[in-house]
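The values are calculated or read from the model by the stated rules, or taken from the named source; none is laboratory data. In this text, all values refer to a predicted model and were calculated from it rather than measured experimentally. Note that we place each Cβ from the backbone using ideal geometry, even for glycine, and neighbour counts take in every protein chain shown.
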């Protein structure tokens with residue numbers, strides 16, 4: 001009687017332990033959080049370089065900020081030159097005789113001032129466009145890098161190129177070529 005009771009108890013407990021083992025296996029796989037490309041993109045959009053930090057590609061962060069620094073330099077310098085040329089051009093075109101503290105008035109004629117103003121305006125606008133593209137590239141880089149974060153690269157990736165010779169069956173002519181073998 002006692003033996004039947006123990007066997008019955010074991011039959012009841014066995015399915016419960018299997019369910020617990022399956023739940024534990026599910027919990028173990030859910031502990032590994034997937035690396036989110038969306039999260040990396042949002043981080044990079046909020047603060048450029050933060051998505052690269054999230055992806056643990058810390059070496060890219062100085063490159064992102066060096067790019068923004070260079071673009072900011074071109075924006076500031078082209079804006080300053082544009083303002084100087086515009087001020088000098090307006091002064092010369094209106095024929096003002098009052099004193100103005102601008103070296104370009106005495107150095108260039110009216111056409112050169114107009115050309116300089118247009119040149120620096122174009123470069124200033126292009127610098128803003130390049131800045132926007134650099135910002136988008138930062139976000140795209142973080143997202144793409146996050147997609148490849150958990151990508152498993154096997155150690156057995158190889159490519160082999162060998163010469164090949166084949167005999168045609170109908171006229172027994174030799175055919176030569178190259179055989180490409182890819183292992184992955």
Restricting to region 77-102, count the residues that are over 19 Å from residue 121 (Cβ atoms) and under 47 Å from the mean Cα position of the chain (by Cα).
1
Please tell me if residue 161 is in a helix (DSSP H, G or I) and under 41 Å from the mean Cα position of the chain (by Cα).
no
Residue 109 is checked against (1) in contact with a helix residue (DSSP H, G or I) (Cβ under 8 Å, 6 or more places away or on another chain); (2) modelled with pLDDT of 95 or more and fails just one. What number does that condition carry?
(2)
Of all residues in region 111-130, which are more than 30 Å from residue 68 (Cα to Cα) and surrounded by 13 or more Cβ atoms within 10 Å (Cβ to Cβ)?
112
Scan the helices (runs of 4 or more DSSP H) fully inside region 50-157 and keep the ones with 3 or more residues being touching a residue at least 60 places away in the same chain (Cβ under 8 Å).
50-54, 61-94, 110-147
